[in-house]
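For reference, the structure is listed below as structure tokens.
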Amino acid sequence: MPYQITLKNSGDHFQVAENEAILDAALRAKGSMLPYGCRNGTCGSCMATILSGQIDYPDGRPPALSEREQAEGKALLCQARPRSDLVIEAREIKTGADIAVRILPCRVERRELLAPDVMRLYLKLPNTERLQFLAGQYVDVLLADGRRRGFSLANAPEADELLELHVRQVPGGFFTGFLFERMKDKALLRFQGPLGTFFLREDSPRPIILIGGGTGFAPLKGMLEHAFHTGLERRLHLYWGARAQVDLYLDALPRQWAEEHPNFRYTPVLSEPHPEDRWEGRTGWVHEVVAADYPDLSTYDVYMSGPPPMIEAAKAVFAAQGLPAEQLFYDSFEFSSH
């Protein structure tokens, strides 16, 4: 029998199974997000006050919860299991500004070449750390000489055991040259994050159009996986623009999503398909294909991620087709060779 958890400040509520951690259920629940850090009871970031109801800890009182705090009704939600319905007072996260930006060490757990010039990095944090972020945000990798490189998080917040980055090789690029040519697995890095205001707004009722250019697919992947995880019922249409078929480096994944989720559609668009591609799909500039499919954008939320020329061209076209500025969210990024 699941128990109902009510958050005092917002009145939001969600259900938790008897042997499930309260934090795990909150992160799974639609629209419920609570602060956390390590998710193993050692940092105290998820501390809250139990106003009514009973909990317990299968493995005993967590290290970051003192006897005094426990006596005062405090609890660490990453470890606490409900034993009744609960009313909880906790800080609730609604925007990226509510999440602490941190500098953390990480290890390159593994690398995967997705295309001749695109590498997927899986980063692992120390066992005592997790990164809390909103779907679509990014991190800055901190280089030894003080320079930094920004990369979008390509995984959903719920799947945070490893952090996923998609990195395109830049000709003559300082960091990407090292990554593609000399970096070894298990290499150590540092990053700062989460950063940015490009994240999925879950409180809107409008259908969503997502437009990625090249590795701009990365944050959209995180957004979509989060939407599927939370059971978002709004219509979702992903457009992915690239030069040739090889540049659609995870093309099978959105095709799989389209088979599994009735509210999701996928339209890949190639601007310069190779003859050997034998491409029969849409061609041209991706924003022009979107404009042709949706002549009236006034009732949509649009998320765009990609190079600045794509973003700038699309903004003008979409505004002419009725898209209000407050319903457009975008992440424009330049590739640095320095």
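Here are the numbers:
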| read-out | value |
| --- | --- |
| Test for Ala292: is it surrounded by 15 or more Cβ atoms within 10 Å (Cβ to Cβ) and assigned by TED's automatic domain parsing to the domain that holds Ala227 | no |
| Number of positions in segment 73-101 that are assigned to a loop (DSSP other than H, G, I, E, B) and within 24 Å of Ile55 (Cβ to Cβ) | 12 |
| Residues satisfying the stated conditions in segment 1-40, i.e. free of Cβ contacts under 8 Å to residues at least 40 places away in the same chain and surrounded by fewer than 15 Cβ atoms within 10 Å (Cβ to Cβ) | Met1, Pro2, Gly11, Ala17 |
| Conditions (1) farther than 30 Å from Leu76 by Cβ; (2) touching a helix residue (DSSP H, G or I) at 6+ places or on another chain (Cβ under 6 Å); number of the one not met by Gly150 | (2) |
| Candidates Leu238, Leu200, filtered to the one that is buried (at least 16 other Cβ atoms within 10 Å of the Cβ) and in a loop (DSSP other than H, G, I, E, B) | Leu200 |
| Search result, residues across segment 203-223 that are of a type in the set (D, E, K, R) and crowded, with 24+ Cβ neighbours inside 10 Å | Lys221 |
| Selection within segment 107-163 - under 12 Å from the mean Cα position of the chain (by Cα) and not in a loop (DSSP other than H, G, I, E, B) | Tyr138, Val139, Phe151, Ser152, Leu163 |
| Filtered residue count, segment 241-263, keeping only those that are buried (at least 21 other Cβ atoms within 10 Å of the Cβ) and touching a residue at least 40 places away in the same chain (Cβ under 8 Å) | 3 |
| Residue within segment 58-69 that is assigned to a loop (DSSP other than H, G, I, E, B), touching a helix residue (DSSP H, G or I) at 6+ places or on another chain (Cβ under 8 Å) and of a type in the set (Ser, Thr, Tyr) present | no |
| Cross-chain or 6+ apart pairs with Cβ under 7 Å, segment 315-333 first and free of Cβ contacts under 8 Å to residues at least 60 places away in the same chain, then of a type in the set (Val, Ile, Thr) | Phe318/Val302; Leu323/Val302; Leu328/Val302; Ser332/Ile311 |
| Filter result (under 25 Å from Ala135 (Cβ atoms) and not in a loop (DSSP other than H, G, I, E, B)) within segment 26-52 | Ala26, Leu27, Arg28, Met47, Ala48 |
| Residues satisfying the stated conditions in segment 60-80, i.e. within 15 Å of Asp24 (Cβ to Cβ) and surrounded by fewer than 18 Cβ atoms within 10 Å (Cβ to Cβ) | none |
| Selection from segment 141-158 of residues that are at pLDDT 90 or above and either hydrophobic (A, V, I, L, M, F, W, C) or not assigned by TED's automatic domain parsing to the domain that holds Arg110 (or both) | Val141, Leu142, Phe151, Leu153, Ala154, Ala156 |
| Filter result for Arg168 (farther than 21 Å from Met223 by Cβ and in contact with a helix residue (DSSP H, G or I) (Cβ under 6 Å, 6 or more places away or on another chain)) | no |
| Conditions (1) of a type in the set (A, V, I, L, M, F, W, C); (2) touching a Cys at 6+ places or on another chain (Cβ under 9 Å); (3) part of a loop (DSSP other than H, G, I, E, B): number failed by Leu23 | (3) |
| Number of positions in segment 275-319 that are assigned to a loop (DSSP other than H, G, I, E, B) and either more than 27 Å from the chain's Cα centre (by Cα) or farther than 16 Å from Ile208 by Cβ (or both) | 9 |
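The values are calculated or read from the model by the stated rules, or taken from the named source; none is laboratory data. Worth saying up front: this structure is predicted, and the values here are computed from it rather than measured. Here the Cβ is made from the backbone with ideal geometry for all residues, glycine too, and neighbour counts use every protein chain on show.
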